[in-house]
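Visitor: First the structure, then my questions, so here it is.
The values are calculated or read from the model by the stated rules, or taken from the named source; none is laboratory data. Quick caveat: nothing in here was measured; it's all calculated off a predicted structure. Don't worry about glycine lacking a Cβ; one is built from the backbone with ideal geometry, like all the others, and counts go over all protein chains shown.
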Amino acid sequence: MIGEEELRRRVGRLSLEQKVRLLTGADFWALYDEPEAGLRRVVLSDGPAGVRGGSWDERDSSANVPSGTALAATWDPGRLEAVGGLLAREARRKGVDVLLAPTVNLHRTPYAGRCLPRGSAPPTCAGCSAPGSGPPSSTSSAMTPRRSG
């Protein structure tokens, strides 16, 4: 892993255009690489019941897992950890670096419109009762909670 001083040196070599490009998408699911700074392309994915991956091809299927609400209702951290491991392996298999999951949302009113199944009721469970919310393991890809709605 590079140190902060080296990171600052590499970023300092980039033009303003190169720095801005790092904040934009190369395509729907990936960020641009920047070889001059030593950064490779980063692929993100979502999929509320699995890992979608970078393609929209039905021939490239993924493991389908229960909704966050159903998983949270088990109150079983071991089961959640196992599902998180499955999602991490699927992400690696599909070449995904960051899984935008679990999806969490605090539903403040029944009139909210899109109250899709998420591990977020009651609010004390938001994010803590979702796959991948525990400590990272050697099989984990990066997972980050995704707020929606």
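Visitor: Could you run through region 54-78 and say how many residues are closer than 17 Å to ALA101 by Cα, small (Gly, Ala, Ser) and modelled with pLDDT under 85?
Guide: The number of residues fulfilling the criteria is 5.
Visitor: Here's another thing I want to ask about it. Conditions: (1) out of contact with any strand residue (DSSP E or B) (no Cβ under 8 Å at 6 or more places or on another chain); (2) part of a helix (DSSP H, G or I). PRO66 meets all but one. Number of the miss?
Guide: For PRO66, the exception is condition (2).
Visitor: Just to be sure I understand the filter: pairs with C-beta atoms under 7 Å, separated by 6 or more residues or on different chains, first member in region 17-35 and within 22 Å of LYS94 (Cα to Cα), second member of a type in the set (Gly, Ala, Ser) and surrounded by 11 or more Cβ atoms within 10 Å (Cβ to Cβ). Which pairs pass?
Guide: Close Cβ pairs satisfying both conditions: TRP29/SER45; TRP29/GLY54; ALA30/GLY54; LEU31/GLY25; TYR32/ALA26.
Visitor: Would you check which residues across region 56-107 are closer than 27 Å to ARG41 by Cβ and among the hydroxyl-bearing types (Ser, Thr, Tyr) and list them?
Guide: SER61, SER62, THR103
Visitor: How about region 54-71: which of its residues are among the small types (Gly, Ala, Ser), surrounded by fewer than 14 Cβ atoms within 10 Å (Cβ to Cβ) and closer than 13 Å to GLY95 by Cα?
Guide: Result: SER55, single match.
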